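The values are calculated or read from the model by the stated rules, or taken from the named source; none is laboratory data. Predicted model only: the values in this text are computed from it and were never measured. Note that each Cβ is placed from the backbone with ideal geometry, even for glycine, and that neighbours are counted across all protein chains shown. Protein only, heavy atoms only, side chains kept; ligands, DNA and RNA dropped before computing areas. Shrake-Rupley method; radii C 1.70, N 1.55, O 1.52, S 1.80 Å.
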Amino acid sequence: MADAPYIAPEQEPSLLNAGLLACIATAALAGLLFGFDTAVISGTTDALTRIFDLSPTWLGITVSSALVGTLIGALTAGYPGDRYGSRNTLRVLASFYIVAGIGCAFAWSWGSLVGFRVLAGLAVGGSSVLAPVYIAEVSPPSKRGQLVAAFQFMVIFGILLAYVSNAIIASLHLGDAEWRWKLGIAAIPAAVFMALLFRIPNSPRWLILRDRDEEAKTALGRIGMDGPVAQKEIEAIHASLDEQPGKETLSWTRHRKPILLAMMVAGFNQLSGINAFLYYLNDIFAKSSSALSPDVQAVIIGIVNAVFTFVGMLLIDRLGRKTLLLIGSAGMAVCLTVGGLSLLGVLPTTLVLYALIGFIAFFAPSTGAVIWVYISEVFPTQVRSRGSAIGASTHWGSNAVIAAAFPAVAAWSAGAPFLFFAAMMVVQFFVVLTYFPETKGVSLERMREQLGLKPGEALSAG
């Protein structure tokens with residue numbers, strides 16, 4: 001997929017335009033499904049362990065099985081997205097979400113459950129690449145960072161929705177069928193997502209790249225750019241394409257620095273421990289001495305995550321990406337250290353909930369809000385979708401490894417994972433401080449200059 005073109009301020013569609021809001025909200029709904037499928041498994045680990053007689057290692061494999069599909073989905077989404085359009089490819093992924101949800105509800109064996117979780121992972125991985133791309137392509141440039149961050153907010157809202165859903169279903173006392181309901185209910189928002197995808201247009205940018213100008217004019221009209229303004233925009237996009245050289249291949253030699261930046265922002269996102277905590281949140285809280293049930297504590301974490309992700313959306317175009325990453329790294333390191341020492345018995349175990357609340361409060365507005373925006377900013381136009389796929393794949397690959405290893409390590413020492421993640425956040429602080437450029441307010445056309453490179457110079461790390 002290509003970048004959203006530059007739109008002069010007087011040509012930008014109003015954010016109050018109903019068509020534009022519908023496009024943003026629909027694509028962001030992919031984030032809700034992403035978050036829901038990521039977190040809903042946390043409420044089923046105890047039942048799955050008992051019903052399928054899983055050891056900590058096999059529980060880790062079961063939980064991380066979806067991440068195998070997620071990694072494949074992230075790696076392969078770029079090609080169909082480029083060829084068939086992000087909206088059309090998202091329709092296919094929506095069908096994957098629906099089938100996976102229903103399949104998990106009616107899984108007849110451990111193998112079938114894992115198979116449907118892998119299918120859900122394919123949908124999550126693909127939508128994590130294509131939904132932000134679609135949002136970027138239809139958004140006004142002056143608000144692109146904030147609107148792409150809305151995708152992350154919906155991810156967090158999906159996580160909160162999963163915790164609330166798990167708590168409600170648990171209160172119904174459905175016995176051995178409880179885990180089926182928890183996983184299967186994901187098919188409902190997936191069906192809504194599918195229906196809404198038939199009510200939004202293809203990306204105007206994608207249509208123009210394929211010389212479908214009349215369709216692009218109609219699509220631009222639907223997002224608030226009518227008549228002469230739409231025609232000028234189409235002409236501007238064609239002019240920008242004429243100025244670009246032929247096809248460019250993503251390579252380590254030419255694009256070393258953006259590749260490293262994308263891999264590091266994605267890798268450190270997972271080395272904070274965020275997804276491991278989300279997957280095993282109920283198990284972690286079961287080891288604390290709080291009077292609140294694990295399900296209720298998980299809902300508290302979900303609410304904090306949603307609130308502070310919204311804070312990140314407000315700050316990302318003000319304080320900047322690098323500043324948020326630095327503040328978040330320092331805060332997360334402290335909170336993770338407190339959590340680890342609490343689980344080791346050095347500090348009271350009642351501090352675990354407060355440590356995780358603090359951790360989320362620093363994670364959400366920093367690396368949580370920055371990751372998808374930053375990955376989509378640092379690559380040149382012609383290799384953006386393929387470069388974004390590398391960042392997303394790093395995120396999901398790291399996620400799979402950490403999620404698979406977490407139960408066994410936590411069984412050996414409950415506090416050890418917390419202290420490891422704390423150390424990684426210290427490393428992230430210094431890497432961001434010394435290597436990451438600030439991209440706040442930088443147009444996509446000026447990003448090469450911001451990376452310290454001259455026009456035509458290879459995007460290497462030096």
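Computed values, structure above
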quantity	calculated
Dipole moment magnitude, nearest 20 debye, the range 109-213 about Cα centre, only Lys, Arg, Asp, Glu C-beta charged	200
If the convex hull is drawn through the Cα atoms of the range 78-221, its volume per residue in Å³	109
Principal axis dimensions, the range 393-437 - Cα atoms, whole angstrom, descending	39, 24, 6
Label-point gap, in nm, between Glu215 and Tyr354 - each point 7 angstrom along Cα→Cβ	5.8
Projected-area mean, the range 123-200, by convex hull of Cα positions, square nanometres	6.0
Convex hull of the range 11-90 built on C-alpha atoms - directionally averaged projected area, nm²	7.8
Ranked order, Arg318, Arg83, Arg222 - accessible area, probe 1.4 Å, largest first	Arg318, Arg83, Arg222
Counting all C-alpha pairs of the range 337-418, share separated by more than 16 Å (%)	66
Solvent exposure, largest accessible area first (probe 1.4 Å, DNA, RNA and ligands not counted), of Arg210, Arg205	Arg210, Arg205
Sites Thr57 and Gln231, calculated FRET efficiency, Cβ-Cβ separation with R0 56 Å, nearest 0.05	0.35
Gain on full stretching of the segment that runs from Ala177 to Ile327 - 0.36 nm per residue minus C-alpha separation	49.6 nm
Angstrom value of the Kirkwood radius, inverse mean 1/r, which spans all Cα pairs in the range 78-129	11.4
Two-decimal Rg/Rh across the range 181-236, once Rg and the Kirkwood Rh are taken from alpha-carbon atoms	1.25
